[in-house]
C-alpha cells in the first residue's frame with residue numbers, strides 16, 4: 001500500500017477513469033487504508049456529479065442575449081396575429097428585428113471578414129478563415 | 001475601409017476564446033495566454049465557487065460572500081502563479097482536478113484563518129476541524145466520570161470490526177468503507193471507482209459474508 005497520499009492530479013485521473021491500470025491498483029490500495037483521501041474522493045464526486053445550476057442559468061441568459069433580436073422578431077410575429085388591428089405595425093417590427101438579427105449574426109461577420117481579405121488580395125488569410133469554419137485545411 | 005468592431009485584421013490570430021474547446025483553452029493557459037486565462041476563469045469560476053462553498057459547509061464554517069470570493073480568487077491566483085495546470089494531462093479530469101484543488105485550498109485557508117462558527121459553540125461529537133479525519137472533541141477531553149462498561153464494550157467492538165475489515169482484500173475494504181463509513185450507495189461507489197454496479201454489489205456481499213464469519217469467530221474466541 002502507498003504510504004504517501006497520491007497527488008491531486010493522480011486522484012483526479014482516478015475518479016475520471018483515465019488512470020492506467022497499475023496506477024489504479026496502487027491508488028485503490030492506498031484509498032483502502034487512508035480515510036482522508038477517501039473523504040476527498042467522496043467530496044469531489046459529490047461536487048462534480050451535481051448539476052451546476054448557475055452554469056445552466058448563465059447558458060440560458062447568454063443564449064437569450066445572443067438571440068435577443070430573434071426572440072423579439074418571433075414575439076412581434078406572434079403579436080401581429082393576436083392584435084390583428086395592428087398587424088402591419090407588428091409585422092414591420094418583426095421584419096426590422098429579424099434583419100437586425102441576421103446582420104448581427106456570426107455568419108454575417110465571417111462573410112464580411114472573408115470579403116475584406118479577398119478584396120485586399122490576401123487569399124491566404126481568407127483560406128485560413130474558411131478552414132477555421134469547417135475545420136479542414138485548404 | 002472602416003474596421004468592423006471586434007475584428008483585428010493586423011493580427012494573425014483570429015480566434016474567439018469563448019468558442020475554444022477545453023483542450024485548446026488548457027494549452028493556451030499553460031502557455032500563459034491572458035485572454036485564454038480570463039476565459040478559463042469565466043468558464044470554471046462557478047465550479048470552484050461551488051466546491052469552496054461545499055467544503056466550507058462540510059467544515060461547518062459560515063463565511064460571508066466576500067470571504068468566499070476571497071478564497072476563490074486565491075485559488076485562481078495560485079493556479080496561475082504556479083502554473084499548476086501543467087500537471088493536468090487530460091482535460092477529462094480537469095473538473096475533478098479543480099474540485100480537489102479547491103477543497104484542499106479551502107481547508108488550508110480555514111486553517112490559516114480562525115473563523116467563528118455561526119453558533120459559537122462546538123459539540124463534543126464534532127471534530128474541531130470537521131471534514132478532515134480526526135477525533136471528535138469528546139475523545140480529546142478526559143472525562144471526570146468513569147466510562148461505562150457499555151461504552152468500553154462499544155469501543156472494543158469497533159476496534160474488532162476495524163481489525164477484521166483490514167484483513168479483507170484492498171478492493172473489498174475500499175468498497176465496504178465507502179459504503180459503511182462514508183454512506184455511499186452502490187451506484188455512487190461504481191461511479192467513483194469506475195466499475196460496474198454489479199461488481200460493487202458482489203464485492204460488498206462477499207466482504208460482508210467474510211466479515212460475518214470472521215467476526216463470529218473473533219467474538220467466540222472472546
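For this structure, a couple of remarks:
- Computed over Cα pairs, the Kirkwood radius of region A:8-49 leads via Stokes-Einstein (0.890 mPa s, 25 °C) to a diffusion coefficient of 236 µm² per second.
- Test item: B:188-195 mean partner chain Cβ contacts at 10 Å: 5
- By the count of other C-beta atoms within 10 Å, a proxy for reagent exposure, B:54, B:170 are ordered fewest to most as B:170, B:54.
- Using the alpha carbons alone, the radius of gyration of chain A stands to its Kirkwood radius in an Rg to Rh ratio of 1.30.
- Exposure proxy ranking, count of Cβ atoms within 10 Å, fewest first, for B:193, A:97: A:97, B:193
- Average projected area [Cα convex hull, region A:57-133], square nanometres: 6.9
- Spin-label zone in region B:85-108 - amide nitrogen under 11 Å from a point set 7 Å from the Cα of residue B:22 along the C-beta vector: B:90-99
- Folded to 0 to 90 degrees: helix A:53-66 orientation relative to chain A principal axis, Cα: 20
- Overall dimensions of region B:17-112 by Cα: Rg and Dmax, Å: 13.4, 39
- Global dimensions of region B:147-221 from alpha-carbon coordinates: Rg and Dmax equal 14.0, 45 Å.
- Counting neighbouring beta carbons within 10 Å and listing from fewest to most, the residues A:37, A:120 come out as A:120, A:37.
- Other protein chain Cβ atoms within 10 Å, averaged over every residue that makes up A:16-27: 3
- Residue by residue along B:53-59, Cβ atoms of other protein chains within 10 Å of the local Cβ number 2 on average.
Read-outs throughout are calculated quantities, based only on the coordinates presented, and are distinct from any laboratory measurement. It should be emphasised that the depicted structure is a prediction, and the values quoted were computed from it without experimental measurement. When we count neighbours, we look across all protein chains shown, and the Cβ atoms used for this are built from the backbone with ideal geometry, even at glycine.
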